[in-house]
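Presented below is the structure to which this report refers.
The values are calculated or read from the model by the stated rules, or taken from the named source; none is laboratory data. Note that the structure is predicted; figures quoted are calculated from it, not measured. Cβ: placed from backbone, ideal geometry, glycine included. Neighbour counts: every protein chain shown. Side chains are part of the model used for accessible areas, which takes the heavy atoms of the whole protein and leaves out ligands, DNA and RNA. Shrake-Rupley method; radii C 1.70, N 1.55, O 1.52, S 1.80 Å.
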Amino acid sequence: FSYDAQPAHGLEISEFLNNDIANTIKQYPDKFIGLATVPMQDTALAIQELKRAMSLGFKGVQIGSNINNINLGDERFDAFWKVAEELNAAILVHPWQMMGKEQMTKYWLPWLVGMPAEISRAICSMIFSGVFEPYPNLKVCFAHGGGSFLPTISRIEHGWECRPDLVAIDNEFNPKKYLGK
C-alpha cells in the first residue's frame, strides 16, 4: 500500500501500479477485472486516484485495514467513503500493519492471530463509528472471510449491549444489523 510514503510519492506509486494493472486488463479483458490502489494517507489524493482509476475501468480499490495505525472509522476518511459510494466503487479491505506483531514473533502468529484480529478491528471500527449509516450503498468486502469478526460477533454485540457508554457512542445500531450486507 505504501502508506508510509510521502503522500505525493504514494500517489506516484499508485498511478504507476494502476496504469500497469489497467494495461493488463485492457490486454486480457475476458480474464481480469481490476482493483486499484490509492494513497489513503492523504484523503484528497486518494479520492483523486479513485476517480481516475474508475475512469480507467477499475471496479474499485483495495485498501489496508488501517492507514498508518489510524482506524478506517476515523472521520478523516468520510469524504473517501462518500465518493466511493457515488462511484459505485467496491472496496476490498486487506490486513495491513497487524496490531501486536512485535509481540508475536514466533509460530507465524502474526498471520494466524494478528491478521484475523486486524480485519475484525477494521470492521468494528467502521461499524462503531457509523460509516455505513450515511453511506448505505457503500460496497465493502473484508478479506479472509472477515477474520475473527464472525466468530466473535456475539461478544461484540454483548459489549454493545452492556457498555453502550463505551461502544455505542457514535452508532446507535446493533453490530449484527450489518451482517449480510
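Residues checked against (1) touching a Gly at 6+ places or on another chain (Cβ under 8 Å); (2) buried (at least 21 other Cβ atoms within 10 Å of the Cβ); (3) touching a residue at least 40 places away in the same chain (Cβ under 8 Å); (4) among the acidic types (D, E):
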| position | (1), (2), (3), (4) |
| --- | --- |
| F80 | no, yes, yes, no |
| A84 | yes, yes, yes, no |
| H94 | yes, no, yes, no |
| M104 | yes, no, no, no |
| W111 | no, no, no, no |
| R121 | no, yes, yes, no |
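Any idea which residue in segment 137-168 is farthest from the chain's Cα centre (by Cα), counting only those that are in a loop (DSSP other than H, G, I, E, B) and in contact (Cβ under 8 Å) with a residue 40 or more places away in the chain?
Ranking the candidates gives A168 first.
Those residues that are within 17 Å of F77 (Cα to Cα) and open to solvent by 30 Å² or more (accessible area, probe 1.4 Å), I need them from segment 5-42; list them, please.
Passing the criteria: P7, Q41, D42.
Taking the condition within 24 Å of V61 (Cβ to Cβ) and modelled with pLDDT under 95, does G130 pass?
no
Condition (residue is over 20 Å from G146 (Cβ atoms) and among the small types (G, A, S)) applied to segment 58-76: is it met by at least one residue?
No, segment 58-76 contains no residue that is over 20 Å from G146 (Cβ atoms) and among the small types (G, A, S).
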